[in-house]
Amino acid sequence: MIIIGGSAGSFNTILSILNGLDKSVSVPIVIVLHRLKNCESSFEDILRNNTHYIVKEIEDKEIIKKGILYTAPSNYHLLLEENYTFSLDVSDLVNYSRPSIDVTFESASAILKEKCCGILLSGANNDGAEGLKLIAENNGTTIIQDCQEAEFDNMPKAAKLIYKYHQELNTKNIINKLNNEYR
C-alpha cells in the first residue's frame, strides 16, 4: 500500500504524482490530506477527472482492494484493521488535524510492516513525522518531499529531523521510484 500524506501546498504535487504513475501500478493508494471539516469538498471529483484511477472516499469497515485510489474523509482519523479493512475514528485531533497523517501511517505500518510505503509532502505543521519514522522502523519505504521543492517544508523537515534516513525526493523522482517499485 502507498499512503500519501499532505497538507498546505501538497495538492498539485499529489496530482502530479498520480498522473505520473504508470497504469500498471495497481497497489492500493491512500491519500490523507488535511481538509476543512464541515465544508463540501470537490477533492474526489478533481481526482476522478484528472487521473486514471477509480477514486473512492473511504467508508467505515470497507475492504481494501487493489487498483483503487482511496481518500480519507475529512474530520475522521483513518485506521487500517488486521482484516485489511479501513476503520474511521472521531477521537481527538492529532497535530491539530483529523484526519491525522500520523494516525494513518502508524496504523498501516503496524499491520503492513515492510509492505507499507509512506510519502510525506508539503505541510505547515509536524503531522506525519512520527508515523513515517514508524514505517521506517518496520522496514517500510519512506519518502519525504524535497524540502527545497515543498511549498511549506514544515512536514518534510520535521520528519527529517527525527529520522534522517528517509529518502528526500523531488516530485519527478518520487514518480520514478514508485513506477520502478510498484509496477
Probe 1.4 Å, heavy atoms of protein chains only: per residue, the accessible area of the stretch 69-138 in Å² is 38 Å²
Point-charge dipole on Cβ atoms (K/R +1, D/E -1) for the stretch 100-183, about Cα centre, debye to 20:
300 debye
When only alpha-carbon atoms count, how far does the chain stretch along each of its three principal axes, as whole angstroms with the largest first?
37, 35, 31
Top of Thr71, Thr13, Thr85 by mean-square fluctuation, Gaussian network on the chain, Cα under 10 Å
Thr85
Once every DSSP H run of n ≥ 4 in the chain is given -39500 (n - 2.57) and the sum is divided by its residues, what mean residue ellipticity at 222 nm do you get, rounded to the nearest 500 deg cm²/dmol?
-9500 deg cm²/dmol
Which residues' amide hydrogens lie under 5 Å from the amide hydrogen of Cys116, considering only partners 5 or more residues apart or on another chain, with H built in the peptide plane?
Thr141
What relative contact order, as a whole-number percentage, does the chain give when Cα pairs under 8 Å and 6 or more residues apart are counted?
23 percent
Summed residue charge, Cβ within 10 Å of Gly140's Cβ, Lys/Arg positive, Asp/Glu negative:
0
Taking 146-152, 120-126 and ranking on average Cβ neighbours within 10 Å, highest first, one gets 120-126, 146-152
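Give, as a single signed number, the net charge of other residues whose beta carbon lies under 10 Å from the beta carbon of Cys117, with Lys and Arg counted +1 and Asp and Glu -1.
Result for the neighbourhood of Cys117: 0.
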Under the Karplus relation 6.51 cos²θ - 1.76 cosθ + 1.60, θ = phi - 60°, what is the ordered set of whole-Hz ³J(HN,Hα) values for the stretch 112-119, x standing for Gly and Pro?
8, 6, 6, 8, 10, 10, x, 10
At R0 = 35 Å the Cβ-Cβ FRET efficiency linking Lys115 and Cys147, nearest 0.05, sits at 0.80
Chymotrypsin sites (Phe, Trp or Tyr not before Pro) restricted to the stretch 12-103 and DSSP loop, no more than 15 other C-beta within 10 Å:
Tyr84, Tyr96
Cα-based Rg/(2.2 N^0.38 Å) for the stretch 112-160, rounded to two decimals, is 1.08
Among Lys37/Lys61; Lys61/Lys160; Lys61/Lys157; Lys56/Lys164, which pairs are too far apart, with a Cα-Cα distance over 31 Å?
Lys61/Lys160; Lys61/Lys157; Lys56/Lys164
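The values are calculated or read from the model by the stated rules, or taken from the named source; none is laboratory data. Since the structure is predicted, the reported quantities are computational estimates derived from the model, not experimental observations. When we count neighbours, we look across all protein chains shown, and the Cβ atoms used for this are built from the backbone with ideal geometry, even at glycine. We work out accessible area using only protein heavy atoms, side chains counted, and drop any ligands, DNA or RNA first. Shrake-Rupley method; radii C 1.70, N 1.55, O 1.52, S 1.80 Å.
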